[in-house]
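Visitor: Structure provided below as C-alpha cells; questions to follow.
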Amino acid sequence: MDSITNLLSRAGNYLTTIGISDFIDILIVAFLIYRVIWFVKKSNFVNLAKGLLLILIVLWLSGEFGLIMINYILRRAVELGMIAFVILFQPELRRLLERVGSSFNRNHNAAGSVMNTAIDQTVQACCDMADSKTGALIAFERKVPLGPVIATGTVINADVNAELIKNLFFNKAPLHDGAVIVRDGRVEAAGCVLPLTQAMNLSKDLGMRHRAGLGLSEQSDAVVIIVSEETGAISVALEGKLKRHLNGEELKKVLTDNLTSVDKQEDAPGILNAIRSFFKGFEHEDESKTE
C-alpha cells in the first residue's frame, strides 16, 4: 500500500512540473506518431513495418541476454536500413521537404481577377474539348514551384484563353502530347513532360494522361486537369486524389476552391502545416486510384 502511495505521490509531483510548452510538445509528438501509424496502416508498407518492428525487438532482446554476435549483426543491419529507408521513401520525403520549403512562400498566387479569368477560360476550353474528345492535360502551379517540369516544355508566356488552350491540344499540334502549365494565371509553358505515378492499383481505364496527372499531384500541390481522349471525361488530380467525371460547374468549383480561396491553414506554423498537408494527401489515396 505504501509503494502505491509513494508512486502516486511521485506522479503528482511530476505532473506539477509540466508546463504549457511540455503539454504542447506531447500533443505534437502524439499527433505525429498517430499519423505515422495511420499512414503505415493505409499504405502498402504494413509488412515492411512489421519486419522492422520484429528486428528492433530481437535487437533489444539480444542486448538484454548478452547475445553479442546477433546484436552486432542486427545493429549493422539497422544502420544500413536507415539508408534503405531513405531510398525506398525518396518520393514521399521529397514531397514533404518541398512542401516545407514552399510553405514559407505566401506571395506566389496570382491576383484574384486574373485567376478567375484563367479559371473561366480553362473551364470553357475543357468543356469544348470534352465534347470533341480532345485529350488535354493542364496543371495549375500553386505553392510548390514547377520549374523542372516547365523546363521540359516550350515557354508560351501568354494569357489563359480558351482558344489558345484548344489550339495547343489540337491533335495535329506539335505540343498536344504534353502538359500545359499555368503559373500566376498565365500559360507559362506547353508540351511539358510530367512524372508518372508509381501506383500499381489504378483502374484499367486510366491512360497515360491520368497517370501523369496523378504523378504530378503526388509530387507537388498542383491542381491538374485531365480530359480523356477516349471518353471525353473531365478529371482533376489533387494531392494524389483523382476526381473523375466532372461537368463544367463541378470543374469550376474545384478550381475556384483550390486556386482562389484563402488558405485556411495559412496561419499555421510552416513546418507543422507542411507535415499535416503531407499526411493529409494520403487520406483518400487508395479510393481515388481505384475510382
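Visitor: Scan (1) surrounded by fewer than 18 Cβ atoms within 10 Å (Cβ to Cβ); (2) touching a strand residue (DSSP E or B) at 6+ places or on another chain (Cβ under 8 Å); (3) assigned to a loop (DSSP other than H, G, I, E, B) for the single condition Arg142 breaks and write down its number.
Guide: Answer for Arg142: the failing condition is (1).
Visitor: Would you mind telling me which numbered condition in (1) touching a residue at least 40 places away in the same chain (Cβ under 8 Å); (2) surrounded by 15 or more Cβ atoms within 10 Å (Cβ to Cβ) Asp131 fails?
Guide: That leaves (2) as the condition not met.
Visitor: Kindly provide the set of residues from the range 217-248 that are among the hydrophobic types (A, V, I, L, M, F, W, C) and not in a strand (DSSP E or B), ordered by number.
Guide: Across the range 217-248, the qualifying residues are Ala222, Ala233, Leu246.
Visitor: Name the single residue, out of those in the range 218-246 being farther than 19 Å from Val180 by Cα and free of Cβ contacts under 8 Å to residues at least 40 places away in the same chain, that is surrounded by the most Cβ atoms within 10 Å (Cβ to Cβ).
Guide: Filtering the range 218-246 for residues that are farther than 19 Å from Val180 by Cα and free of Cβ contacts under 8 Å to residues at least 40 places away in the same chain, the one surrounded by the most Cβ atoms within 10 Å (Cβ to Cβ) comes out as Leu246.
Visitor: Residue by residue through the range 147-204, note down the ones that are basic (Lys, Arg) and within 22 Å of Ala130 (Cβ to Cβ).
Guide: Lys166, Lys172, Lys204 - these are the residues of the range 147-204 that are basic (Lys, Arg) and within 22 Å of Ala130 (Cβ to Cβ).
Visitor: Go through the range 157-171 and give me each residue that's surrounded by 19 or more Cβ atoms within 10 Å (Cβ to Cβ), under 27 Å from the mean Cα position of the chain (by Cα) and not in a loop (DSSP other than H, G, I, E, B).
Guide: Selection gives Ile165 alone.
Visitor: Also, I was wondering about something else. Across the range 167-206, what is the number of residues that are over 23 Å from Asp120 (Cα atoms) and touching an Asp or Glu at 6+ places or on another chain (Cβ under 7 Å)?
Guide: Residues flagged as over 23 Å from Asp120 (Cα atoms) and touching an Asp or Glu at 6+ places or on another chain (Cβ under 7 Å) within the range 167-206 amount to 2.
Taken together, the values in this text are just the output of simple stated rules run on the coordinates, not laboratory data. Everything numeric here is computed off the predicted structure, so don't read it as measured data. When we count neighbours, we look across all protein chains shown, and the Cβ atoms used for this are built from the backbone with ideal geometry, even at glycine.
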